Amino acid sequence: MMDNASNPIPVKGFLHLKFLSTEFPKLSERLEHFLKPDQTKLEDPEYLKINTCLTLNTAFRAVKLLALHDPVGKLCGAHIPDGTLQFEVLPDGPFMAMEFAGKEITVLSEPCQRPSAVMQFKNADVANALLNGNVDAFAALAAGDVAIRGKIPIIESVNLILDRIPVYLA
Amino acid sequence: MTNTYTYPQSQELFKRAAKVIPCGIPGHMSPAVNIPATAYPMYTQSAKGPYFYDVDGNEFIDYMCGYGPMILGYGNEVVEEASAKQTAAADLAMGASPRMVELAELLVDLIPIADWAFFAKNGGDVTNYATMVARCATGRDKIVMIQGGYHGVTPWMQAPGHHGVLDDDSKNIIRIPWNQPQAFKKVIEENPENIAGFIATPYHVPAFYDNELPAEGYWQEIEQMCRQHGIVLILDDIRHGFRLNMGGSNEYYGFKPDLICFCKAIANGYPVSALVGTDALKLDASKIFYTGSYWYQATPMAAAIACLNELKRLNAPEVMLKNGAKLFDGLTDLASGYGYDLKVTGAVSLPYLRITNDDSNMLHQEWCGECTRRGAFFTSHHNWFISTAHTDEIIKRTLEIADDAFKVIKKKYGDEY
């Protein structure tokens, strides 16, 4: 999508709408700037924070769609026990949560008081590196850079679904 | 109160490992499953009896028994003597060892359903071989297994969606819920004359969840359906084997499988696994070419002979069930004194534990971590293992550590749970 190899939305018939022909490309370019990092951009702490926040938001929303519609995502999603998963980037956030109740999945923008499972990142650098696929998650867990607790099957299944995202962006 | 451990050497080694080994420590020994990971040691320097010692010099009573293989205590003299004697003579050399014949004869003598035995290295080697024997014998494709069941890491054993696994790898695998014979019946009806085998553990041991014993009559019903429809009944006794009954865990639950897979406790930590089977499947087993570079090592076979004879002499399953009951009765009583409900599921020689006051498991994870930091290696994600080395004295010390850990979490959370 970002390399103009595929369309994010069905555009046929909609191109005459003003928003799609004017503002949308600008928005798309701006989002691309923040969602497609390179090492130079990531050296700016402010950029890193925005990239982390946007990536986390995008990923959580993608998990919901994939768990409901992707064939493999549905298989992984079927094993997720009920509860709330929270991602926490220390010390100041972002915090993102996702609630699983039966077949309903809700992305929550507010931190949850009593999550069922928590994936906690030591700092924004660690969160960013993990979300952008630049570190070994198991090694990060063992080293204490990432901590998990609670209902681990939720985290395990969500991580498997997260790994389906690149299939759609390839 | 017991002093708490720190792990600077373990962590230093892990930093080096992460540079040159994927995951640092991959697979089931990965520290990532221990929660919090920082409460646990990562590298072991030595082990003796029920204890292991990490690279920081901390001593732990091992309730994972190296994930099951240790059953007589680390460095058991009887097993070590047999192994040393065989190593001095020949371990891996050209030709099969007489120990292989002796071990097969011993298993045929020990396991009532066994007329033959085949040896490999790991549990997954023989669960995979068992399905090949089932397919060869029946000429059918499908294998039925239990949802959440674990039989190793070959792609067909892993659920679709896991990395490196193709959807097609599970094409001939049908997963049904545990303890539901009617689900098996339905699958047989939907796949007439095409189910080669049914594979399951003696009771259900899913990671992160309570263990589930077989319902009354479950195994007998499964066995009857297998007989009626010509399906090979495979018992995966890798985890449970020799901790419930020396003749195979099926003897404990009163049914007769066609094939039984053993590994873990068979040789007190030496690498050997076995598939045993009935005479009716011997010819089919012989047709399959299946081997590995180290499958003929004689030392593990000598260790297995010594281990099995020692387990038999000690009446080990009974000892472990008795000692397990002492320990887990003690732990649940202790927990109750602090207002916690410690639920023990599965057999007491390999049970799963969970403090039920907190549905998320965080309280239980914290308690296990606090126990580990004080010298009782408790995990929260997997069933534990008891050995004959977990004596009254060890149990007493374990209860003291557990009590200290309960005090810590009670002080921290008060009556929140």
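Per-structure values
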read-out	value
Whole-Å distance, taken between Cα centres, linking region B:340-364 and region B:147-181	26
Three-way shape label, chain A, alpha-carbon gyration tensor, a/c 1.5	oblate
Sparsely packed trypsin sites (Lys or Arg not before Pro) within region B:140-185, loop by DSSP, other Cβ within 10 Å at most 12	B:K171
Antiparallel DSSP beta bridges within region B:138-238, as percent of all bridges there, nearest 5	10
Percent of alpha-carbon pairs separated by more than 24 Å within region B:34-183	58
Shielding by partners, peptide A:145-153 (average Cβ within 10 angstrom, other chains)	6
Whole-Hz ³J(HN,Hα) from phi, Karplus 6.51 cos²θ - 1.76 cosθ + 1.60, for region B:287-293, glycine and proline x	7, 8, 7, 7, 7, x, 3
Built amide H within the under 5 Å cut-off of B:F385, gap 5+	B:M64, B:C65
Amide H contacts of B:W116 (H built 1.01 Å from N, under 5 Å, at least 5 apart or other chain)	B:G277
Relative counts (whole %) of C-alpha pair distances in chain B, using bins that are 10 Å wide	5, 21, 30, 27, 14, 3, 0
Longest site-free stretch - chain A; sites: trypsin sites (Lys or Arg not before Pro), DSSP loop, at most 11 other Cβ within 10 Å	A:13-102
Helix-only CD estimate at 222 nm, as mean residue ellipticity for chain A, using -39500 (n - 2.57) per DSSP H run (n ≥ 4)	-14000 deg cm²/dmol
Per-selection Rg to Rh, the protein assembly as shown - Cα, Kirkwood hydrodynamic radius	1.00
Gap separating the Cα centres of region B:69-145 and region A:118-136, nearest whole Å	44
Residue-by-residue Karplus 3J(HN,Hα) for region B:202-217, coefficients 6.51, -1.76, 1.60, Hz, glycine and proline x	x, 9, 7, 10, x, 5, 6, 10, 4, 6, 10, 6, x, 5, 3, x
Residue-averaged beta-carbon neighbours from other chains (10 angstrom radius) around B:31-43	4
Neighbouring partner chain Cβ atoms per residue of B:286-292, average, 10 Å criterion	0
For region B:204-254 and region A:40-59, distance of Cα centres in Å	51
Cross-link reach list, lysines versus B:K85, counting only Cα pairs under 29 Å and skipping chain neighbours closer than eight places	B:K48, B:K121, B:K264, B:K312
Sparsely packed chymotrypsin sites (Phe, Trp or Tyr not before Pro) within region B:259-290, loop by DSSP, other Cβ within 10 Å at most 16	B:F289, B:Y290
DSSP-defined beta bridges in the protein assembly as shown - what % are antiparallel, rounded to 5	65
B:F242 long-range amide H proximity, modeled H, under 5 Å	B:G248, B:S249
Sequence-distant lysines (8 or more away, or on other chains) whose Cα lies within less than 26 Å of A:K41	A:K26, A:K49, A:K122, B:K19
If the convex hull is drawn through the Cα atoms of region B:197-345, its volume per residue in Å³	147
At q = 0.24 Å⁻¹, base-10 log of I(q)/I(0) for region B:335-417 (Debye sum, equal scatterers on each alpha carbon)	-1.34
Within region B:353-417, GluC sites (Glu not before Pro) in DSSP loop having at most 10 other beta-carbon neighbours inside 10 Å	B:E416
Region A:54-148, relative contact order [Cα under 8 Å, separation at least 6], %	23
All-pairs Cα distance distribution in region B:235-317, expressed in whole percent, bin size 5 Å	3, 14, 22, 23, 20, 13, 4, 0
For region B:1-50, diffusion coefficient by Stokes-Einstein and Kirkwood Rh (Cα), 10 °C, 1.306 mPa s, µm²/s	131
Between helix B:181-190 and chain B: long-axis angle, C-alpha atoms, 0 to 90°, nearest 10	40
Cα-based helix-to-principal-axis angle, B:298-314 vs chain B, degrees rounded to 10	70
Region A:82-170 shape via C-alpha gyration tensor axes, a/c threshold 1.5	oblate
Per-residue HN-Hα couplings for region B:167-175 [Karplus 6.51, -1.76, 1.60; θ = phi - 60°; Hz; x = Gly/Pro]	4, 5, 4, 9, 4, 10, 10, 10, 9
Rounded if a/c under 1.5, otherwise prolate or oblate - region B:30-70, Cα gyration tensor axes	oblate
Evaluated over region B:94-227, the Cα radius of gyration and Dmax, each in Å	16.5, 50
Helix-only mean residue ellipticity at 222 nm for chain B, each DSSP H run of n ≥ 4 adding -39500 (n - 2.57), per residue, nearest 500	-12500 deg cm²/dmol
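Values quoted throughout were computed directly from the atomic coordinates according to the rules given, and no laboratory measurement underlies them. Since the model is a prediction, treat every value here as computed from it, not as a measurement. Quick reminder, even Gly has a Cβ in these numbers, built from the backbone with ideal geometry, and neighbours come from all protein chains shown.
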